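The values are calculated or read from the model by the stated rules, or taken from the named source; none is laboratory data. On a predicted model such as this, the values are computed, not experimentally measured, just so you know. Cβ atoms come from the backbone with ideal geometry, glycine included; neighbour counts cover every protein chain shown.
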Amino acid sequence: MKVREADFVVVGNGLAGSTAAYTLSGLGDVALLSKESAQGSNSFAAQGGVAAAMSVGDSPERHAADTLSAGSGLCDPDAVTMLVRRAPKLMQWLMDSGVSFDRDETGNLALGLEGAHGASRILHAGGDSTGRHILETVQRLLTERSSVLRVDNVQVVKLLKDQRGRVAGVLTVERGATAAGVAWLARRGVILATGGSGQLFLRTTNPPGALGDGVALAYEAGAVVRNLEFVQFHPTALAIEGSLPFLVSEAVRGAGARLIDEAGKPVMTQGTGDLAARDVVARAIYRHQLREGNVYLDTTAIPDFPSRFPTIHEHCKMHGIDPCTTPLPVSPAAHFMMGGIDASLSGQTNVPGLYAIGEVAGTGVHGANRLASNSLLECMVMAFELPHSMNEDLPAKRRGSMEWSVLFDEGRELSSDPPDVLRGVQTILWHSAGIERCGDSLQKGLSALREMGRQYPQSSVIATASLLVKSALARRESRGAHYRTDYPVADPQFAKDTLLSKEHVVGKADRKRGGVRAV
């Protein structure tokens, strides 16, 4: 087996991983490993934008209040405060680095409005291709850092520990290979930035690599995972028969689009209507589809649609729909994982040497329901906070090559899954743990996953899906994106995190400063 070394091993090259490689490159050499190219990440495909209080009349405090409200009582207020206070300076850093955010005719930032925001604070670049513009800028910065080595087309199948129990590297295989390829040893830390898990569901806006494998890897290594039951279903994915779901950004509704039924009547008639929180809109569309039929997004009143949303416009035209004249057929799809590996906003987990950032991390920022356009922001805040963790956690003296004693045979390896296994998991989760759930469907789903797990004991997608269903079973209430028809209201006794680890299963737990206390 080949063995290679770096000070830091970063797994995943979306915005979180790429920015982490940049911020860590000044502290040592970095190996940036990924299954896909950066173009295959959720970050690259992100349309909506990035939230920051940048206008007169807005403030980080208002941004925090909206984030906490959307999170339905499960946000970590300290983490939210840090997120929103860091936002304006990070936006300035992006602009100084070359990101050209959209501006109005007067030259001011064109700040958009999205659901559950109390102010226009969404920065966009290239209309509806914000993620691509930001990620390309960070990737360009990486090319200037000789201390960063990028390696694509490799799958991490196990986290490696040294004899002290510290995560000391990763075991990789080339995608499609069956034999182990390279053990990458990390002198100072392993950072998981593997993204979300939307591909575990039949309908998703996520790219093929979003399989939740980082959660399975961390759990197998002893990490606590947090609030996996909270999966955000984006309400408006383009629904064309024979075509994969395609995200129609919430910014489209912020610009004036309205959800209508087949007769042209409004679907969202209560509360804040079309700009309600995503879980509310997704459930309304789902229920309307079950009872009455298709739902459409009427974009015809947006006069500058082609210039404002060029990516969406082009995609619709490719499928024979003109958004300027024809309402778009839409349906909810799995979009974002609010929970993940339990981590601080600086990436620390309960396992020494292991860090998690971006969507794979559960930091408490999003709570039970992510506020729109906070995800790209979280990726960047965590990546910039990460070096502080490294400086605090690690011994001053770097370990040398001769000091390694890695236990390569400790624990199981997780494998990539054949298409039929993934398809089976997608079907199970969509019907048992989808937009609406209940105890019976969740129990049936867990039983089916256990049966599959006996056939494929090394499957990472089965492992992550099983943890998600277990978490959903433990939360006997409805809160945020987690809706159970057998427990349709929020219960104050469940205003706590759901935590799972290999050592013990935690139904509900209190988060205490500096750690987790099981109850």
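Each residue in the range 169-200 was checked for being over 21 Å from residue 349 (Cβ atoms), within 14 Å of the chain's Cα centre (by Cα) and hydrophobic (A, V, I, L, M, F, W, C), and 1 of them qualify. Contact map, the range 459-485: first residue over 12 Å from residue 231 (Cβ atoms) and in the same structural domain as residue 73 (by TED's automatic domain parsing), second residue of a type in the set (S, T, N, Q) and modelled with pLDDT under 95, Cβ cut-off under 6 Å, separation 6 or more or different chains; the map is empty.
To keep it simple, each residue is scored yes or no on (1) part of a loop (DSSP other than H, G, I, E, B); (2) more than 22 Å from the chain's Cα centre (by Cα); (3) crowded, with 21+ Cβ neighbours inside 10 Å.
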{"position": "73", "(1), (2), (3)": "yes, no, no"}
{"position": "78", "(1), (2), (3)": "no, no, no"}
{"position": "88", "(1), (2), (3)": "no, no, no"}
{"position": "91", "(1), (2), (3)": "no, no, yes"}
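Screening residue 490 with (1) among the small types (Gly, Ala, Ser); (2) modelled with pLDDT of 95 or more; (3) part of a strand (DSSP E or B) gives one miss only, at (3). Taken across the range 119-132, residues that are modelled with pLDDT of 90 or more, under 21 Å from the mean Cα position of the chain (by Cα), of a type in the set (Asp, Glu) and crowded, with 16+ Cβ neighbours inside 10 Å do not occur at all. Residue count for the range 138-196 satisfying the condition of being out of contact with any Ser or Thr (no Cβ under 7 Å at 6 or more places or on another chain), among the hydrophobic types (A, V, I, L, M, F, W, C) and either in contact (Cβ under 8 Å) with a residue 12 or more places away in the chain or part of a strand (DSSP E or B) (or both): 17. Against the list (1) modelled with pLDDT of 95 or more; (2) surrounded by fewer than 16 Cβ atoms within 10 Å (Cβ to Cβ); (3) part of a loop (DSSP other than H, G, I, E, B), the condition residue 431 fails is (3).
Candidates 257, 251: the one that is without any contact (Cβ under 8 Å) to a residue 60 or more places away in the chain, surrounded by 21 or more Cβ atoms within 10 Å (Cβ to Cβ), farther than 24 Å from residue 477 by Cβ and touching a strand residue (DSSP E or B) at 6+ places or on another chain (Cβ under 9 Å) is 257.
So, in the range 197-230, of the ones that are in a helix (DSSP H, G or I) and hydrophobic (A, V, I, L, M, F, W, C), which residue ends up nearest to residue 352 (Cα to Cα)?
Let us first name the residues in the range 197-230 that are in a helix (DSSP H, G or I), namely 198-200, 213-220.
Now restrict to residues that are hydrophobic (A, V, I, L, M, F, W, C): 200, 215-218.
Values: 200: 29, 215: 16, 216: 17, 217: 15, 218: 12 Å.
Looking at residues that are in a helix (DSSP H, G or I) and hydrophobic (A, V, I, L, M, F, W, C), I get 218.
In summary, residue 181 fulfils each of the numbered conditions (1) surrounded by fewer than 23 Cβ atoms within 10 Å (Cβ to Cβ); (2) at pLDDT 90 or above; (3) under 20 Å from residue 412 (Cβ atoms) with the single exception of condition (2).
Every condition in (1) within 20 Å of the chain's Cα centre (by Cα); (2) modelled with pLDDT under 95 holds for residue 225 except the one numbered (2).
Picking from 226, 287, 291, 278, which residue would you name as being surrounded by fewer than 19 Cβ atoms within 10 Å (Cβ to Cβ), among the basic types (Lys, Arg) and under 30 Å from residue 496 (Cα atoms)?
On the way: 226 fails: surrounded by fewer than 19 Cβ atoms within 10 Å (Cβ to Cβ); 291 fails: under 30 Å from residue 496 (Cα atoms); 278 fails: surrounded by fewer than 19 Cβ atoms within 10 Å (Cβ to Cβ).
None of the others qualify; the one that does is 287.
Of the residues making up the range 441-458, those that are without any contact (Cβ under 8 Å) to a residue 12 or more places away in the chain and under 18 Å from residue 474 (Cβ atoms) are 441, 447.
From 373, 389, grab the single residue that is in contact with a Ser or Thr (Cβ under 9 Å, 6 or more places away or on another chain), assigned by TED's automatic domain parsing to the domain that holds residue 193 and buried (at least 24 other Cβ atoms within 10 Å of the Cβ).
373
If you take the residues in the range 311-331 that are in contact with a Ser or Thr (Cβ under 8 Å, 6 or more places away or on another chain) and surrounded by 22 or more Cβ atoms within 10 Å (Cβ to Cβ), which one is farthest from residue 72 (Cα to Cα)? Only one residue fits best here, namely 323.
Of the residues in the range 46-61, none is in a helix (DSSP H, G or I), buried (at least 18 other Cβ atoms within 10 Å of the Cβ) and in contact with a strand residue (DSSP E or B) (Cβ under 9 Å, 6 or more places away or on another chain). For the range 333-383, filtered to residues that are within 10 Å of the chain's Cα centre (by Cα) and acidic (Asp, Glu), the residue that is nearest to residue 279 (Cα to Cα) is 359.
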